[in-house]
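Here is the structure we will look at.
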Amino acid sequence: MRLIQFEDRQGGRKVGIVNGKAINVVSQVSTMRELALLAIAEGNSLERQAQLLNSNSQDSQEDYAAILKENRILAPLDHEDPAHCLVSGTGLTHLGSASTRDKMHQKLDDDESAMTDTMRMFKWGLEGGRPGRGKVGAQPEWFYKGDGDIVVNPGAAFPMPEFAEDAGEEPELTGLYIIDNDGQPHRLGFAIGNEFSDHVVERKNYLYLAHSKLRYCSFGPELLVGDLPTNLVGMSRIRRDGRVIWEKEFLSGQDNMCHAIENLEYHHFKYNQFLRPGDIHVHFFGTATLSFADGVRTQLGDCFEISLPDFGEPLVNGIAREQSRIAIDGIKVL
């Protein structure tokens, strides 16, 4: 099952089940978070709860193409208070991602046998990232992106700060979670994600990784509920003035990762501060495919398109300029 969040033409929020070209509106709830909390309270899976509230009548259907065209689509999970949404991610999780990272910011040492920190961490993942059920594996690279205010709806443009040196896509699998009243995390499902980072800043020094990740992001438009295919083959494209200037296949899913998804989830939610009841979490699982690694430099007005057939409609976002709110001397002293 695939679910979306959207607005009707009156501005009311809705949750819908993707049914081909139609969207079956789910009754009694107006947000995905409400649907998830109701499913937890009633002991149902998210899919079962959506089915129970699906009237299946033509009077409760919307045209999917119209929702997308009219920019009424929303991210498939959000919180009414953005501060209660944590956006984070893990890197060096996909086979081949270490070589991509090194192509970005490594000059080969005279001693080519010397292992960089990037390669060392990737090696730990290869050796211990998939420990088996019930066992704790190697700890991955982890980073913070922001709260709900940095999430851009599908179809909208990424704001690019004036101080940014790059605006690069990162096509990724994204996990969506909610914390119940007892502090237990629940996975709702997965979505296509564009983690969007500043690769020029990151390339200067890997210790700038934290800075490079403090950018906007997007995920959706659809939430895939249920079992995740182990081999996901997608396409990442950049369009400029309507013309494709770069495209490349990307791989995700468990068959293409050196860390088990469960291991990545454990190392995120093992921290008690991430178990606050009612909060939601958006977690990016990493990628091995970047246009930046192929020498592409994006521009304002470019359009990203990331698609995975198992996830329905592609995730599309542009790039627009964001005005800085703080000047170099703009901090006031009390």
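The values are calculated or read from the model by the stated rules, or taken from the named source; none is laboratory data. If you're wondering where the values come from, they're calculated on a predicted model, not measured in any experiment. Cβ placement follows ideal geometry from the backbone for every residue including glycine, while neighbour counts extend to all protein chains displayed.
Kindly evaluate R203 against the criterion of being among the basic types (K, R) and closer than 20 Å to F292 by Cβ.
Numbers: among the basic types (K, R): yes; closer than 20 Å to F292 by Cβ: yes.
The answer is yes for R203.
Residues that are of a type outside the set (A, V, I, L, M) and under 29 Å from L214 (Cβ atoms): which strands (runs of 3 or more DSSP E) entirely in segment 1-90 hold 3 or more of them? I'd like the intermediate steps shown before the answer.
Numbers: elements: 2-7, 13-19, 22-25, 61-63.
In segment 1-90, the matching strands (runs of 3 or more DSSP E) lie at 2-7.
Can you say whether D109 is in the same structural domain as C217 (by TED's automatic domain parsing), part of a loop (DSSP other than H, G, I, E, B), at pLDDT below 70 and farther than 17 Å from F196 by Cβ, as far as the supplied structure shows?
Numbers: in the same structural domain as C217 (by TED's automatic domain parsing): yes; part of a loop (DSSP other than H, G, I, E, B): yes; at pLDDT below 70: yes; farther than 17 Å from F196 by Cβ: yes.
For D109, the condition - in the same structural domain as C217 (by TED's automatic domain parsing), part of a loop (DSSP other than H, G, I, E, B), at pLDDT below 70 and farther than 17 Å from F196 by Cβ - is met.
For A22, state whether it is within 13 Å of V225 (Cα to Cα) and at pLDDT 95 or above.
Values: within 13 Å of V225 (Cα to Cα): no; at pLDDT 95 or above: yes.
Judged against the criteria, A22 is not a match.
Mind counting the residues in segment 209-247 that are touching a strand residue (DSSP E or B) at 6+ places or on another chain (Cβ under 9 Å), of a type outside the set (A, V, I, L, M) and surrounded by fewer than 21 Cβ atoms within 10 Å (Cβ to Cβ)? Write out each step before concluding.
First pass over segment 209-247, keeping only residues touching a strand residue (DSSP E or B) at 6+ places or on another chain (Cβ under 9 Å): 209-210, 212-226, 228, 231-240, 242, 244-247.
Among the residues that remain, those that are also of a type outside the set (A, V, I, L, M) are: 212-213, 215-222, 226, 231, 234, 236-237, 239-240, 242, 246-247.
Cutting the leftovers down to surrounded by fewer than 21 Cβ atoms within 10 Å (Cβ to Cβ) gives us 226, 231, 237, 239-240, 242, 246-247.
Here the count works out to 8.
Within segment 158-169, track down each residue that is over 15 Å from the mean Cα position of the chain (by Cα) and either over 19 Å from L209 (Cβ atoms) or part of a loop (DSSP other than H, G, I, E, B) (or both).
P159, E162, F163, A164, E165, D166, A167, listed by residue number.
Within the bounds of segment 26-34, is there any residue that is of a type in the set (A, V, I, L, M), in contact with a helix residue (DSSP H, G or I) (Cβ under 6 Å, 6 or more places away or on another chain) and at pLDDT below 95?
Taking segment 26-34 as the starting set, the residues that turn out to be of a type in the set (A, V, I, L, M) are 26, 29, 32.
Now drop any that are not in contact with a helix residue (DSSP H, G or I) (Cβ under 6 Å, 6 or more places away or on another chain), which leaves 26, 29.
Subsequent filtering for residues that are at pLDDT below 95 retains none.
There is no residue in segment 26-34 that is of a type in the set (A, V, I, L, M), in contact with a helix residue (DSSP H, G or I) (Cβ under 6 Å, 6 or more places away or on another chain) and at pLDDT below 95.
Return a yes/no flag: does segment 290-302 have any residue that is touching a Pro at 6+ places or on another chain (Cβ under 8 Å), in the same structural domain as F158 (by TED's automatic domain parsing), touching a residue at least 60 places away in the same chain (Cβ under 8 Å) and surrounded by fewer than 23 Cβ atoms within 10 Å (Cβ to Cβ). Don't jump to the end; show me each part of the working.
Start the filter on segment 290-302 by keeping residues that are touching a Pro at 6+ places or on another chain (Cβ under 8 Å), which leaves none.
Checking segment 290-302: not a single residue is touching a Pro at 6+ places or on another chain (Cβ under 8 Å), in the same structural domain as F158 (by TED's automatic domain parsing), touching a residue at least 60 places away in the same chain (Cβ under 8 Å) and surrounded by fewer than 23 Cβ atoms within 10 Å (Cβ to Cβ).
For a quick check of your reading of the model, give me the residue pairs whose first member lies in segment 71-82 and is in the same structural domain as M32 (by TED's automatic domain parsing) and closer than 15 Å to L315 by Cβ, whose second is of a type in the set (D, E) and outside any loop (DSSP other than H, G, I, E, B), with beta-carbon atoms closer than 6 Å and at least 6 apart or on different chains.
From residues that are in the same structural domain as M32 (by TED's automatic domain parsing) and closer than 15 Å to L315 by Cβ, there are no pairs.
Among the residues of segment 173-205 satisfying the criterion of being surrounded by fewer than 18 Cβ atoms within 10 Å (Cβ to Cβ) and at pLDDT below 95, which is nearest to K270 (Cα to Cα)?
Checking each candidate, the answer is N205.
Would you mention how many residues in segment 126-157 are over 22 Å from the mean Cα position of the chain (by Cα) and of a type in the set (S, T, N, Q)?
Within segment 126-157, residues that are over 22 Å from the mean Cα position of the chain (by Cα) and of a type in the set (S, T, N, Q) number 0.
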